[in-house]
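Below is one structure; the comments refer to it alone.
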Amino acid sequence: MKIQRATVLAAVVLLSPSLAQAAGTITGLSASPPSPKVNQDVIITVEGLLGCGGVDVDFGDNTPQAHLQNVSFKNKLNVSAPAHKYASAKTYSVKALPGAGCQGQATLPLTVQSSATLGGNLLGTPGLICAILGNCGAPTISTLFLAPITPGGKLLALGSNFGNAGPQNQFHLFLKTDQKDVLLAIDEWKNTYVAGTIPASLTQVLDQPAELYVKAGNGKLSNKYPVSFTA
């Protein structure tokens, strides 16, 4: 009788796999580094219990999923997907989805930051960006040498903190009566002076008070220097 009973129990175990081993369970997700930058390798790790026939990792950026097979979470060990790179700075919804013999799922909001730029790196070094760009503060116009401020007229503004020449620099003439901002052609740009030319086409306006100012490459505006525009 004892032999028969043992045989029956063994048969029950063989016919009922769920009794022999419970399905694996996905319990969480993590990323390393936790706040990656664009085009930086990031490792997505799936956390869980027991084992799964498969786990799919959806990176949330419309790229192919990573298919992890025969995943073992024994002793709460975690399993990582292959390194992944993100092409854009935004927040992605990363997911771990159950495959065969697995249950549960996990979601991780992952914020990808912009890649470090030259300017960003320099800003971390005190004084270095100032030495390269020529300024860190706002530019100041202190004196104006000029021909009459008329269409086609040439101006020379002296001052400080204008910075070096660059595509972001701007020289402005603001017509106060018309509330019109006119961009001057830049003839020369140095840290201590700026030379520019008023557009010759600026003829359909009346004589009126105006202001000159510059925008330096660091994005900062100068003081507004009062002048009189003659059409």
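Laboratory data are not the source of any read-out in this text; all were calculated from the coordinates shown. What you see is a predicted model; the values in this text were computed from it and never measured. Note that each Cβ is placed from the backbone with ideal geometry, even for glycine, and that neighbours are counted across all protein chains shown.
Miscellaneous remarks
- Here's how it looks for residue 86: its modeled amide H is under 5 Å from those of 39, 40, which are all 5 or more places away or on a different chain.
- Per the Cα gyration tensor, region 134-221 maps to an equivalent ellipsoid with semi-axes of 23, 13, 11 Å, ordered largest to smallest.
- In order along region 34-41, the Karplus-derived 3J(HN,Hα) couplings, from 6.51 cos²θ - 1.76 cosθ + 1.60 at θ = phi - 60°, round to x, 10, x, 9, 4, 6, 9, 4 Hz, and Gly and Pro are given as x.
- Using a Förster distance of 41 Å, the FRET efficiency for residue 165-residue 61 (Cβ separation, nearest 0.05): 0.55
- Förster-model FRET efficiency, 41 Å R0, residue 88 and residue 220, C-beta, rounded to 0.05: 0.90
- Rounded FRET efficiency, nearest 0.05, which uses the C-beta distance separating residue 41 from residue 181 and R0 of 45 Å: 0.45
- Here the Karplus relation 6.51 cos²θ - 1.76 cosθ + 1.60, evaluated at θ = phi - 60°, turns the backbone of region 179-191 into coupling constants of 6, 10, 9, 10, 8, 8, 6, 8, 8, 7, 9, 10, 5 Hz, with x for every Gly and Pro.
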